Amino acid sequence: MVILGIETSCDETSAALVEGQGEKVTLLANTISSSLELHSKTGGIIPEQAAREQLKYMLPVMTQTLKKASVSLDDIDALAITYGPGLIGSLLVGVETIKTIGYVLKKPIIPVNHMVGHIYANWIDNHIQIAFPAIALVVSGGHTDLLLIKKHGDMQLLGGTRDDAAGECFDKCARLLGYAYPGGPHISKLAETGNDKKFPFPRPMLGEKNYEFSFSGLKTAFLNTTKQHFPLLRTSLQNTKGGWDEIILADTVSQKEKQTLADLCASLQRAITDVLVKKTMKAAKEYHVKSILLSGGVSANKLLRSSFTEETEKQQIQLHVPDPALCTDNAAMIAAAAYFNKDIRDWETISADPELYF
Ligand code: KG4
Ligand code: ZN
């Protein structure tokens, strides 16, 4: 079964072709065009601008994907589309494109929840059969969610974040240091030479008997400690009148101070990782699962991956993590989710839902 997937929920325009057979999904082609660079100039995404970029790239990205895989629209068995959550203008571009193709070519359309899509990145080109039940941890810029999956189509949300998502915590802390979105990779890079025990940041909600998360207190602890060590930081940021991305703190400090910055980043990364790993492992134990599935942009983080590898090896649980290129937004994961959840809908009933949750 060949599925064409489209993903346009935020600032990435992506089209992908996957072929599903039994429990296996093979990636035939995946094209991603990102308007991220454009948004980094304004310090954040301007929704209308993101939607315009989606319009510009939608058809070229789709044509290129078909060409790369030498597949024609006639060869496609089904169409998959992200219908939420996301930015309404961006979502509409993909949703209306797929509806038009479906209507004209009389192809079945499967609408997919973007968050479920992230989880299904784990099935793409995975040679190991994923064993159920499984716990899925979705860690992205907007979400930190823990789910129990008993089988395809049977997902139960165990908990989410009460405030900032893990990715948002990385992004906002990185922003203080002068880095534009996405901040996670910058924190992670600085952390490489840092001592993760130097600053005892809190591990929010770790001891509580639920599967919820909260990262806003940790973010505040990082911001306060950083400001204590770099008192001039506040002034230099104020002077730029919101041009926070113009001064990269690490480029302006002494070697000794650079070490403090590295220690701060390493301690932050360790605190986030500890909470994510410990809560997920606790859920895995309680629900006697056979697998843990990581997904979302933050799962590209090396420390998170290695900590999960260590813990799951100890507990003899399968660990699945998508290829780093498939951790961030892409259409291949949307097509894979559609393959396992063939919830075909009539084009007239499909509409974008920016607030969609699990
Ligand atoms: O899933 P994603 O691409 O977009 C959303 O749907 O949000 O996730 C983006 C998030 C950002 O917060 C970014 O800082 C984070 O993933 N991220 C990382 C790393 N790479 C991306 N966080 C920590 N370490 C990384 N290596
Ligand atoms: Zn995403």
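The values are calculated or read from the model by the stated rules, or taken from the named source; none is laboratory data. Keep in mind that this is a model prediction, so the values were computed, not measured. Here the Cβ is made from the backbone with ideal geometry for all residues, glycine too, and neighbour counts use every protein chain on show. Note: areas computed on protein heavy atoms with side chains; ligands, DNA, RNA excluded. Shrake-Rupley method; radii C 1.70, N 1.55, O 1.52, S 1.80 Å.
Could you check the range 274-291 and list, in sequence order, the residues that are under 8 Å from I135 (Cα atoms) and not in a helix (DSSP H, G or I)? Outline the logic, then answer.
So the first thing to find is which residues in the range 274-291 are under 8 Å from I135 (Cα atoms), and the list is 280, 283-284, 289, 291.
Matches in the range 274-291: V289, S291.
Which members of the range 303-322 meet the condition of being touching a residue at least 12 places away in the same chain (Cβ under 8 Å) and surrounded by fewer than 15 Cβ atoms within 10 Å (Cβ to Cβ)? Break it down into steps so the answer makes sense when it comes.
Initially, the range 303-322 is screened for residues touching a residue at least 12 places away in the same chain (Cβ under 8 Å), giving 303-305, 307-308, 311-312, 315, 317-322.
If the condition is that a residue be touching a residue at least 12 places away in the same chain (Cβ under 8 Å) and surrounded by fewer than 15 Cβ atoms within 10 Å (Cβ to Cβ), then Q315 is the only one that fits.
Answer yes if at least one residue in the range 179-200 is open to solvent by 10 Å² or more (accessible area, probe 1.4 Å) and in a strand (DSSP E or B), and no otherwise.
No, the range 179-200 has no match at all.
Filter the range 167-192 for residues that are at pLDDT 90 or above and basic (K, R) and give the result.
K172, K189
Just name the residue that is most open to solvent (accessible area, probe 1.4 Å) out of those in the range 141-167 that are of a type in the set (V, I, T) and either under 27 Å from I45 (Cβ atoms) or assigned to a helix (DSSP H, G or I) (or both). Lay out the reasoning, then the answer.
Going residue by residue through the range 141-167, those that are of a type in the set (V, I, T) are 144, 149, 161.
In the following step, the residues that additionally are either under 27 Å from I45 (Cβ atoms) or assigned to a helix (DSSP H, G or I) (or both) were identified as 144, 161.
Details: T144: 1, T161: 38 Å².
Once the filter is applied, the top-ranked residue is T161.
Which one is most open to solvent (accessible area, probe 1.4 Å), of the residues in the range 83-140 that are small (G, A, S), more than 16 Å from the chain's Cα centre (by Cα) and under 25 Å from L304 (Cα atoms)? Steps first, please.
To start, the set of residues in the range 83-140 that are small (G, A, S) comprises 84, 86, 89-90, 94, 102, 117, 121, 131, 134, 136, 140.
Checking the rest, the ones that are also more than 16 Å from the chain's Cα centre (by Cα) come to 89-90, 94, 102, 131, 134.
Right, trim to under 25 Å from L304 (Cα atoms) and you get 131, 134.
Details: A131: 26, A134: 0 Å².
Among those that are small (G, A, S), more than 16 Å from the chain's Cα centre (by Cα) and under 25 Å from L304 (Cα atoms), it is A131.
Any idea which of (1) surrounded by fewer than 22 Cβ atoms within 10 Å (Cβ to Cβ); (2) within 16 Å of ligand 1 (Cβ to nearest atom) is the one F170 doesn't satisfy?
Condition not satisfied by F170: (1).
Being among the β-branched types (V, I, T) and away from ligand 1 (no atom under 16 Å from the Cβ) narrows it down to one residue among I46, I32; which is it?
Details: I32 fails: away from ligand 1 (no atom under 16 Å from the Cβ).
One residue alone meets the criteria, I46.
Give me a count of the residues in the range 122-144 that are at pLDDT 95 or above, more than 23 Å from D75 (Cα to Cα) and either among the β-branched types (V, I, T) or within 12 Å of ligand 2 (Cβ to nearest atom) (or both). Spell out how you get there, then give the answer.
As a first pass, look at the range 122-144 and keep what is at pLDDT 95 or above: 122-139, 144.
Going one step further and asking which of them are more than 23 Å from D75 (Cα to Cα), we end up with 122, 126-139, 144.
Filter again for either among the β-branched types (V, I, T) or within 12 Å of ligand 2 (Cβ to nearest atom) (or both), leaving 128, 130, 135, 138-139, 144.
Selection size over the range 122-144: 6.
Which pairs do you get when a residue that is over 16 Å from L157 (Cβ atoms), found in the range 280-299, comes within reach of a residue that is acidic (D, E) and surrounded by fewer than 24 Cβ atoms within 10 Å (Cβ to Cβ), reach meaning Cβ atoms under 7 angstrom, with the pair 6+ apart or on two chains?
M281/E311
For the range 307-343, which positions are within 15 Å of E12 (Cβ to Cβ), aliphatic (A, V, I, L, M) and within 16 Å of ligand 1 (Cβ to nearest atom)?
A325, L326, A331, A332, M333, I334
Conditions (1) open to solvent by 30 Å² or more (accessible area, probe 1.4 Å); (2) modelled with pLDDT of 95 or more; (3) away from ligand 1 (no atom under 13 Å from the Cβ); (4) at positive phi, marked per residue:
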| residue | (1), (2), (3), (4) |
| --- | --- |
| S254 | yes, no, yes, no |
| L268 | no, yes, no, no |
| D274 | yes, yes, yes, no |
| A283 | no, yes, yes, no |
| Y287 | yes, yes, yes, no |
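With (1) farther than 30 Å from D353 by Cα; (2) open to solvent by 10 Å² or more (accessible area, probe 1.4 Å); (3) not small (G, A, S) as the list, and T226 as the residue in question, which single condition is left unmet?
All conditions pass for T226, except number (2).
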